[in-house]
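To start, the structure under review is shown below, and the notes come after it.
None of the figures in this text is laboratory data; all of them are computed from the coordinates on show. Everything numeric here is computed off the predicted structure, so don't read it as measured data. Note that each Cβ is placed from the backbone with ideal geometry, even for glycine, and that neighbours are counted across all protein chains shown.
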Amino acid sequence: GKFNYSGTNGRLNYVTHDVLGKLAKGYNFRYDENNNLVRVDTYDRASGIPLPVVYVIYHYPPETKNSIGDNIDIQAFLLNPDYFSYSSGPLLTYRYNTEFQLTSIWSGPQLRETYDYDAGGNCTKNTVYDINNNISTWYEYNAYDDKINPARSDRALQLFLNIYSKNNPTDMKRMVMGLGGTGVPGELTHNVGAYTYNTNGYPITFRELFFA
């Protein structure tokens, strides 16, 4: 698929996702008076439903501007089949370091995910925990290109794509533990690929060179 972005006044306002040349989803971005992203509406264009099938709310500490804060609370709401109401997902707290990189995701006192970075600002590992605080899955990023990650240019785009690395990953593994965090870790998938770039150095396509 392909993502297309549009914005005004230096802000990301709308994103469309095309699959096989057809418009599949649309994402509408809303901001408050401090330029904080406060809501993203997701529309399923293929279904023709005029309502957002999912919307996500973002909450910030007081005095936050440009969506840059130590903690951000995020909650998703899913449209019910009756089209008259929404069901709420868990309230998740995203925690950031002084470099404004995502370091962990929490659901109340429950740790959900952690993120590790190298000295160059790229994520090396994303670890996912089960309800018993055992590691269930993790993602290893073994190589990056030296080009610009487009999500770094816009804080709203970072929150939307959940991408915080400086560059673009080219070698990625998904690993899994045994049930309940016990057993021998195993490799679930392994992707190696290469990008093509526009004249400004931003990636526009990704081609898999190896997949297992």
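Would you mind calculating the gained length between residue 33 and residue 194 on full extension (0.36 nm times residue separation, minus the Cα-Cα distance), in nm to one decimal?
Taking 0.36 nm per residue and subtracting the Cα distance, the gain is 54.0 nm.
As I understand it, the dipole of the stretch 1-124 uses +1 on the Cβ of Lys and Arg and -1 on the Cβ of Asp and Glu, about the Cα centre. Which of 92, 104, 24 lies farthest toward its positive end?
Working it through, the farthest residue towards the positive pole turns out to be 24.
For residue 45, what is the net charge nearby, where nearby means another residue's Cβ is under 9 Å from its Cβ and Lys, Arg count +1, Asp, Glu -1?
Numbers: positive: 22, 25; negative: 44.
My count for the surroundings of residue 45 gives +1.
Roughly how big is the stretch 24-142's charge dipole about its Cα centre, with Cβ charges of +1 (Lys, Arg) and -1 (Asp, Glu), in debye to the nearest 20?
Values: 8 positive and 14 negative charges, 54 e Å.
So the magnitude is around 260 debye.
Check the straight Cα-Cα distances from residue 25 and name the aspartates and glutamates below 12 Å, setting aside those fewer than 8 residues away within the same chain.
Partners within reach: 41, 44.
Extension gain residue 59-residue 187, at 0.36 nm per residue separation less the Cα-Cα distance, in nm?
Details: separation 128, 0.36 × 128 = 46.08 nm, distance 3.61 nm.
Gain in length upon complete extension: 42.5 nm.
Go through the stretch 75-86 residue by residue and turn each phi into a ³J(HN,Hα) via Karplus (6.51, -1.76, 1.60, θ = phi - 60°); whole Hz please, and just put x for glycine and proline.
9, 9, 10, 10, 5, 6, x, 6, 6, 10, 8, 10
Net charge near residue 193: determine it from the other residues with C-beta under 12 Å of the C-beta of residue 193, scoring Lys and Arg +1 and Asp and Glu -1. Show your work: numbers first, answer last.
Working: positive: 207; negative: 145, 171, 208.
So the environment of residue 193 carries a net charge of -2.
For residue 24 and residue 211, compute 0.36 nm times the residue count separating them, minus their Cα-Cα distance, and round to one decimal in nm. The partial results should precede the final answer.
On the way: separation 187, 0.36 × 187 = 67.32 nm, distance 2.55 nm.
Between residue 24 and residue 211, full extension yields an extra 64.8 nm.
Taking the Cα centre of the chain as origin, work out the dipole magnitude from +1 charges on Lys and Arg Cβ and -1 charges on Asp and Glu Cβ, in debye rounded to 20.
Working: 18 positive and 21 negative charges, 90 e Å.
It works out to roughly 440 debye.
Counting only residues 5 or more places away or on other chains, whose amide H sits under 5 Å from the amide H of residue 70 once H atoms are built in the peptide plane?
When sequence neighbours closer than 5 places are left aside, there are no close amide H contacts.
With a point put 7 Å past each Cα toward its Cβ, work out how far residue 46 is from residue 100 in nm, to one decimal.
Between residue 46 and residue 100, the simple spin-label model gives 3.5 nm.
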